[in-house]
């Protein structure tokens, strides 16, 4: 099983908190057990100037230059996730006539439930890039 690096963006700190390396099979459970609601509640009661970003778990597979960010938000009283998927990709433009290699090609998917975000993370861990390319456009 692959090993991934993970970090956490604490809303109240300007720098990411490095969480080190973790085996891929542990990531989905780590994500599901993360205290998202606790962080979101702290943001609700804090002044807007006190936080820098939403709580975000950053998972990367550095040797393959792949990265997934899962960012929690409150929308209409529900916890939702924005999922960002970054990877190297050949990007075509001008009807496919021009091709450019983008090392940090990023797509995002908004308004995901915790379970949907966990499914996307599982596909990321399993290297199912075709599924991710189809789901996160």
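FYI, it's all coordinate maths here, none of it is from the lab. Predicted model only: the values in this text are computed from it and were never measured. Ideal geometry is used to build each Cβ from the backbone, glycine not excepted, and the neighbour counts take in all protein chains shown.
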Area projected by the alpha carbon convex hull of the chain, averaged over all directions, nm²
9.4 nm²
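By count of other Cβ within 10 Å, fewest leading, how are 71, 60, 93 ordered?
93, 60, 71
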Computed FRET efficiency, Cβ-Cβ of residue 75 and residue 102, R0 35 Å: what is it to the nearest 0.05?
0.70
Extension reserve of the residue 26-residue 119 stretch, reckoned as 0.36 nm per residue once the Cα distance is removed
32.1 nm
Only residues of the range 56-77 count here: report those whose backbone N is under 14 Å from the spot 7 Å along Cα→Cβ of residue 16, or say none.
56-71
For 43, 68, ascending order of other Cβ atoms within 10 Å (fewest first) is 43, 68
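If you rank 62, 135, 87 by fewest surrounding Cβ atoms within 10 Å, what's the result? Before the final figure, lay out the partial values.
Numbers: 62 11, 135 17, 87 20.
Exposure proxy ranking, most exposed first: 62, 135, 87.
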Report relative contact order for the chain in percent, whole number only (criteria: Cα-Cα under 8 Å, sequence separation at least 6).
20 percent
